[in-house]
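Colleague: Supplied in structure tokens, the structure appears directly below.
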Amino acid sequence: MKSAVLVFPGINRERDMARALRLVSGREPAMVWHAETSLPEGTDLVVVPGGFSYGDYLRCGAIAARSPVMDAVRAFASRGGLVLGVCNGFQILCESGLLPGILMRNARLKFICHDVHLRVERSDTPFTRGYNAGQVIRVPVAHGEGNYAADEETIRRLEGEGRVLYRYCSPSGEIGDTHNINGAAQSIAGIINERGNVLGMMPHPENHVEGIMGCTDGRGLFAGLVAHLERAA
Amino acid sequence: MKARVTVTLKTGILDPQGKAIEGALKSLGVDGIASVRQGKVFDIELAGADKAKAEAVLKAAADKLLANTVIENYRVEVLG
């Protein structure tokens with residue numbers, strides 16, 4: 001799997017992401033500066049990492065979403081290339097129009113930084129094939145604006161088309177207000193685009209890929225992508 | 001030429017910041033406030049002097065960057 005990690009001013013999770021990609025895929029990802037107008041030849045996966053691009057000025061991800069490299073990412077996605085956005089990366093994908101909706105201020109206004117449980121809603125996508133449908137995984141979150149919102153019609157379509165891949169839940173997989181950490185519509189933690197090749201999610205699977213972190217539940221996401229690409233090749 | 005773009009949340013969009021400000025105003029004893037919605041104001045200095053062109057420039061700025069029209073409305077004013 002040849003991956004490319006985008007780097008914007010103010011991003012701070014790009015090295016965690018690169019480390020996870022290297023550990024799971026065995027290949028060093030390319031780091032791609034936001035001013036680039038093209039992606040490295042043969043890229044299989046583009047990752048938009050977390051952090052605080054442009055200091056979250058204006059709206060989270062708004063300025064990064066309009067940088068030159070995003071035109072290349074849009075073209076890559078329209079050819080069916082895989083794109084993963086985590087945390088600020090999810091916000092950037094929403095602002096760039098690659099995913100619908102927006103991430104609003106957390107309902108209780110607090111920055112949330114701890115492990116959460118996610119229910120994997122289906123396993124038949126490149127982003128979830130490393131898991132079983134209904135499986136509960138534990139990964140960290142660290143965000144102040146993760147409250148997913150969209151108009152009613154968009155939410156209906158996301159649900160109707162099975163495009164919610166990850167949802168906040170209890171350790172045993174129940175969905176409800178008490179487990180919906182940031183007030184997101186339908187407890188949404190991660191969604192895919194209509195074509196199924198772009199995933200945005202608030203939690204950080206890249207931080208739970210090695211034993212030293214005390215949990216390796218995030219590994220399945222990356223291992224699933226590697227398996228998907230090997231099968232496609 | 002001076003101009004102003006005002007960006008506000010659409011009706012029905014939850015505004016936790018506005019709610020917190022509303023609560024703070026009430027606890028300060030500022031009477032008569034029914035509700036608060038928070039928005040943004042951009043004061044912009046325009047390079048040209050053509051008023052019609054200025055509106056088009058401001059609309060482009062708002063559509064392309066200043067507002068996210070999924071959740072926000074905007075209003076442009078050329079102040080002269």
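Colleague: Between a first residue in region B:50-70 that is among the aromatic types (Phe, Trp, Tyr) and a second residue that is open to solvent by 70 Å² or more (accessible area, probe 1.4 Å) and not in a helix (DSSP H, G or I), which pairs have beta carbons less than 7 Å apart while being 6 or more apart in sequence or on different chains?
Modeller: Short answer, once both residue conditions are applied: none.
Colleague: Give the residues of region A:52-69 that are open to solvent by 10 Å² or more (accessible area, probe 1.4 Å), within 23 Å of A:Val141 (Cβ to Cβ) and in contact (Cβ under 8 Å) with a residue 12 or more places away in the chain, sorted by residue number.
Modeller: A:Phe52, A:Tyr54, A:Gly55, A:Asp56, A:Arg59, A:Cys60
Colleague: What are the residues in region B:34-59 that are surrounded by fewer than 12 Cβ atoms within 10 Å (Cβ to Cβ) and either of a type outside the set (Gly, Ala, Ser) or within 14 Å of another protein chain (Cβ to nearest Cβ) (or both), if any?
Modeller: B:Val41, B:Asp43, B:Glu45
Colleague: Go through the residues of region B:67-74 one by one and say whether even a single one is open to solvent by 80 Å² or more (accessible area, probe 1.4 Å), under 28 Å from A:Phe111 (Cβ atoms) and not acidic (Asp, Glu).
Modeller: No: region B:67-74 contains no residue that is open to solvent by 80 Å² or more (accessible area, probe 1.4 Å), under 28 Å from A:Phe111 (Cβ atoms) and not acidic (Asp, Glu).
Colleague: Out of curiosity, is B:Leu66 at pLDDT 90 or above and away from chain A (no Cβ under 14 Å)?
Modeller: For B:Leu66, the condition - at pLDDT 90 or above and away from chain A (no Cβ under 14 Å) - is not met.
Colleague: In region A:144-190, what residues are in a strand (DSSP E or B) and either within 26 Å of A:Gly224 (Cα to Cα) or over 19 Å from the mean Cα position of the chain (by Cα) (or both)?
Modeller: Answer for region A:144-190, where residues must be in a strand (DSSP E or B) and either within 26 Å of A:Gly224 (Cα to Cα) or over 19 Å from the mean Cα position of the chain (by Cα) (or both): A:Tyr148, A:Val164, A:Leu165, A:Tyr166, A:Arg167, A:Tyr168, A:Cys169, A:Ile188, A:Ala189, A:Gly190.
Colleague: For region A:53-63, give me each residue that is away from chain B (no Cβ under 11 Å) and touching a strand residue (DSSP E or B) at 6+ places or on another chain (Cβ under 8 Å).
Modeller: Across region A:53-63, the qualifying residue is only A:Ser53.
Colleague: If you scan region A:207-233, which residues turn out to be open to solvent by less than 30 Å² (accessible area, probe 1.4 Å) and either closer than 13 Å to A:Ile137 by Cα or modelled with pLDDT under 95 (or both)?
Modeller: A:Asn207, A:His208, A:Val209, A:Cys215, A:Gly218, A:Gly220, A:Leu221
Colleague: Sticking with this structure for a sec: So if I check each of B:Lys10, B:Lys19, B:Lys53, which one is farther than 30 Å from A:Ala185 by Cα, modelled with pLDDT under 95 and of a type outside the set (Val, Ile, Thr)?
Modeller: Testing whether each residue is farther than 30 Å from A:Ala185 by Cα, modelled with pLDDT under 95 and of a type outside the set (Val, Ile, Thr) leaves just B:Lys53.
Colleague: Among residues belonging to region A:103-130 that are within 14 Å of chain B (Cβ to nearest Cβ) and either assigned to a loop (DSSP other than H, G, I, E, B) or at pLDDT below 95 (or both), point out the one that is most open to solvent (accessible area, probe 1.4 Å).
Modeller: A:Arg108
Colleague: Inspect all residues belonging to region A:23-31 and state whether any of them is within 14 Å of another protein chain (Cβ to nearest Cβ) and either under 19 Å from A:Ala189 (Cβ atoms) or in contact with a Lys or Arg (Cβ under 6 Å, 6 or more places away or on another chain) (or both).
Modeller: No: region A:23-31 contains no residue that is within 14 Å of another protein chain (Cβ to nearest Cβ) and either under 19 Å from A:Ala189 (Cβ atoms) or in contact with a Lys or Arg (Cβ under 6 Å, 6 or more places away or on another chain) (or both).
Colleague: Is it the case that A:Ala77 is open to solvent by less than 40 Å² (accessible area, probe 1.4 Å) and in a helix (DSSP H, G or I)?
Modeller: yes
Colleague: Exactly one of (1) part of a loop (DSSP other than H, G, I, E, B); (2) under 30 Å from A:Glu153 (Cα atoms) is unmet by A:Thr216. Its number?
Modeller: If we test A:Thr216 against (1) part of a loop (DSSP other than H, G, I, E, B); (2) under 30 Å from A:Glu153 (Cα atoms), just (2) comes out false.
Colleague: To continue, here is another question. What are the residues in region A:155-178 that are closer than 24 Å to A:Asp124 by Cα and open to solvent by less than 30 Å² (accessible area, probe 1.4 Å), if any?
Modeller: The answer is A:Ile155, A:Leu158, A:Gly162, A:Arg163, A:Val164, A:Leu165, A:Tyr166, A:Arg167, A:Tyr168, A:Cys169, A:Ser170, A:Gly173.
Colleague: Scanning region B:7-29 for residues that are open to solvent by 50 Å² or more (accessible area, probe 1.4 Å) and among the small types (Gly, Ala, Ser), which turns out nearest to the other protein chains (Cβ to nearest Cβ)?
Modeller: Result: B:Gly12.
Colleague: Another question, then. Consider B:Leu79 against the criteria (1) over 19 Å from A:Asn147 (Cβ atoms); (2) modelled with pLDDT of 95 or more; (3) touching a strand residue (DSSP E or B) at 6+ places or on another chain (Cβ under 6 Å): it satisfies all of them except one. Which criterion is unmet?
Modeller: Exception for B:Leu79: condition (2).
The values are calculated or read from the model by the stated rules, or taken from the named source; none is laboratory data. No experiment lies behind these values; they were computed from the predicted model shown. So basically every Cβ, Gly included, is an ideal-geometry build from the backbone, and we count neighbours across all protein chains shown. SASA here: full protein model, heavy atoms, side chains in, ligands and nucleic acids out. Shrake-Rupley method; radii C 1.70, N 1.55, O 1.52, S 1.80 Å.
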